[in-house]
Amino acid sequence: MAWNFALDRPVYAQLIEQMELSILSGQYPPGSRLPSVRDLSAEAGVNPNTMQRALAELERDGLISTQRTSGKFITEDTAMIEGIKQKLADDQIAKFLEKMKSLGYSPDEVIVLMQREEKGGN
């Protein structure tokens, strides 16, 4: 996984988002075992405590669980994963539509622009 961090937000919050996206996209499939906190933090180039904080938040949200002596695992609840994925998509669409509205586009005009983009036109 390529780890990219912006300077304007806390690293642990960005770790949560990037790990969540990796789970939602299937990079970490349901039921799969995560690398150790130490391995993940080394890969991301962050302090293990920061990675642990991010993973604890994902565990509170139910996306991962800890099995004593076995490690951390992605939830097997595919309905929950799909629900979170749908909510994230809905949020992104709402932000996009709000931005397009602020540019003066109607929903119908946005659809035309998206169809044109899909066809590779300008």
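Classify segment 45-88: rounded, prolate or oblate, from the alpha-carbon gyration tensor (a ≥ b ≥ c, eigenvalue square roots; a/c under 1.5 rounded; otherwise prolate if a/b is larger than b/c)?
Oblate, because a/c is 1.5 or more while a/b does not exceed b/c.
For Ile81, Ile111, what's the fewest-to-most ordering of other Cβ within 10 Å of each Cβ?
Least to most surrounded, the residues fall as Ile111, Ile81.
In straight Cα distance, which lysines are under 27 Å from Lys72, not counting same-chain residues fewer than 8 positions off?
Within reach: Lys85, Lys87.
At 7 Å along the Cα-to-beta-carbon direction for both Val110 and Ala89, put a label point, then send me their distance in nm to one decimal.
For Val110 paired with Ala89, the spin-label model returns 1.6 nm.
Note the angle between two axes, namely the Cα long axis of helix 11-24 and the longest principal axis of the Cα atoms of the chain, as a number of degrees from 0 to 90, rounded to the nearest 10.
80 degrees
With the Cα gyration tensor of segment 11-74 in hand, give its eigenvalues times 5 under a square root as the equivalent ellipsoid semi-axes, listed largest first in whole angstrom.
Computed over segment 11-74, the values are 16, 14, 11 Å.
Rounded to a whole number, what is D in µm²/s for segment 18-122 from Stokes-Einstein with the Kirkwood radius over alpha-carbon pairs (25 °C, 0.890 mPa s)?
The diffusion coefficient I find is 151 µm²/s.
Values quoted throughout were computed directly from the atomic coordinates according to the rules given, and no laboratory measurement underlies them. All figures in this text were calculated on a predicted structure; none of them were measured in a lab. All Cβ positions, even for glycine, are placed from backbone atoms using ideal geometry, and neighbour counts span all protein chains on display.
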